[in-house]
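The values are calculated or read from the model by the stated rules, or taken from the named source; none is laboratory data. Just so we're clear, the structure is a prediction, and the values are computed from it rather than from any experiment. Cβ sites come from the backbone with ideal geometry, for glycine too, and all protein chains shown count toward neighbours. When the accessible area is computed, the model is the full protein with side chains, heavy atoms only, and any ligands, DNA or RNA have been set aside. Shrake-Rupley method; radii C 1.70, N 1.55, O 1.52, S 1.80 Å.
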Amino acid sequence: MRTRITILTIFCLCALSLSACERAASTPQGQKSSSSGKSAFYEPPVRLASLEDRAINESSGIVASRRNPSLFWTHNDSGDGPVLYAFDLKGKSKGRWLVSGAQAIDWEDIAAGPGPQPGINYLYIGDIGDNGSERDYVTVYRVVEPSLTDEESAAGNNQHTTEPAEAIRLKYPDGKHDAEALLVHPLTGDLYIITKAFDTASGIYKLKALLSGASLNTLVRVGQISVPSIVGGLITGGDIAPDGRRVVLCDYTDAFEMALPENSADDFDQIWKQPMATIELGPRRQGESVGYSLDGNAILATSEKRPTPLIEVKRRKATMNAER
């Protein structure tokens, strides 16, 4: 969403960023920063394309398709209907999908993960924006990910309809919050929302994996986090790597990655205590989306405003070889 940042806010964010940089002084195995705080694991960002579908004017989330390996999903911020847009790495449109049974009050992020049926891939759509802190509850829609046929993929901007979506209603344990980052653990299905905080650290809220989302569910606060950004610092998107061992977050300009230490494999929530390394995403007019590629070897990002850029940051090959 459009945000006006005051001078006082920037000073507060700078203080938070300095604290985060101090935490990054000792780097665990699995994460590496240069002396500038930038990740040494990634190549420079490359703008691959502009998204072809002009209906995508406020891309606010991105996720790699699990059922269609070469494709990605995005959606618009508030003002659009409950529509998902598919595209490839060249930015070519691969169709629009109306999410059956869903509403779009303020869609802010999208994730992929398991769900109630084993072996089925699901998309999770976060209707979690609340600029005025007015919503009694927010909603995450869980829907079986569409599998595109060659004919549907070639149809470009044709609109289709998903299977009926399930509404998972969520409330915070400590009041109302605005949020733009939704993450789902790819192995457990645990759901995370990270709030968008102006003058304090962002809260990390968790819901254990649900078989059914019919009732109102209360999130559990599991920690807080600040990104080491000098300008901005408002968390606007996030994703968990397909192997469940890394997390990437973004603000309006950059991305920030954390990794689990080797001795924390069974306790994912230890990742929120790890230092961050900054990953440059290149020019973005209003960056609100970030996500891993299907193989976890790259980070993808878009931005609000047209033309909508598709940005890729590849993980260095030497790093990937060392991890094998």
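Computed with a 1.4 Å probe over protein heavy atoms only, the accessible surface of the range 236-324 comes to 37 Å² per residue.
In µm²/s, what is D for the range 67-183 at 20 °C and 1.002 mPa s, where D = kT/(6 pi eta Rh) by Stokes-Einstein and Rh is the Kirkwood radius from Cα pairs?
Working: Rh = 14.8 Å.
It diffuses with D of about 144 µm²/s by this estimate.
At the listed q of 0.16 Å⁻¹, the Debye profile of the range 172-324, built from one uniform point per Cα, gives log10 I(q)/I(0) equal to -0.91.
Where only protein heavy atoms count, and the probe is 1.4 Å, what is the accessible area per residue for the range 41-142 in Å²? Numbers along the way, then the final one.
Numbers: 3760 Å² over 102 residues.
Result: 37 Å² per residue.
Between the amide H of A181 and those of I194, distances stay under 5 Å, these residues lying 5 or more places away or on another chain, with hydrogens modeled in the peptide plane. The alpha carbon centroids of the range 102-139 and the range 240-258 are separated by 18 Å.
K196: which lysines have alpha carbons under 25 Å from its alpha carbon, excluding same-chain residues fewer than 8 sequence positions away? Reachable lysines: K38, K171, K176, K206, K208, K273, K305.
Phi-derived couplings, Karplus 6.51 cos²θ - 1.76 cosθ + 1.60 at θ = phi - 60°, listed residue by residue for the range 124-134: 10, 10, x, 8, 10, x, 7, 4, x, 6, 10 Hz, with x used for Gly and Pro. Protection proxy ranking, highest mean first, for peptides 50-57, 119-126: 119-126, 50-57, where packing is the per-residue count of other beta-carbon atoms within 10 Å, averaged.
Heavy-atom surface analysis with a 1.4 Å probe gives the range 70-111 a carbon and sulfur content of 50 percent of its accessible area.
At the residue level, W97 shows approximately 20 square angstrom of accessible surface with a 1.4 angstrom probe and all protein chains present. The accessible surface of the range 195-292, taken with every protein chain in place and a 1.4 Å probe, is 52 percent carbon and sulfur. A full extension of the chain between T218 and D136 corresponds to an added length of 28.4 nm, given 0.36 nm per residue minus the alpha carbon distance. Amide H contacts under 5 Å for G223: I204, restricted to partners 5 or more places along the chain or on a different chain, H placed in the peptide plane at 1.01 Å from N.
To the nearest 0.05, what FRET efficiency results for I120 and D199 with a Förster distance of 45 Å applied to their C-beta separation? Can you show the working numbers first?
On the way: r = 41 Å, r/R0 = 0.92.
For I120 and D199, the calculated efficiency is 0.60.
A convex hull fitted around the alpha carbon atoms of the range 189-268 yields 116 Å³ per residue.
First measure r as the distance between the Cβ atoms of S70 and L98, then evaluate 1/(1 + (r/R0)^6) with R0 = 25 Å and state the FRET efficiency to the nearest 0.05.
0.65
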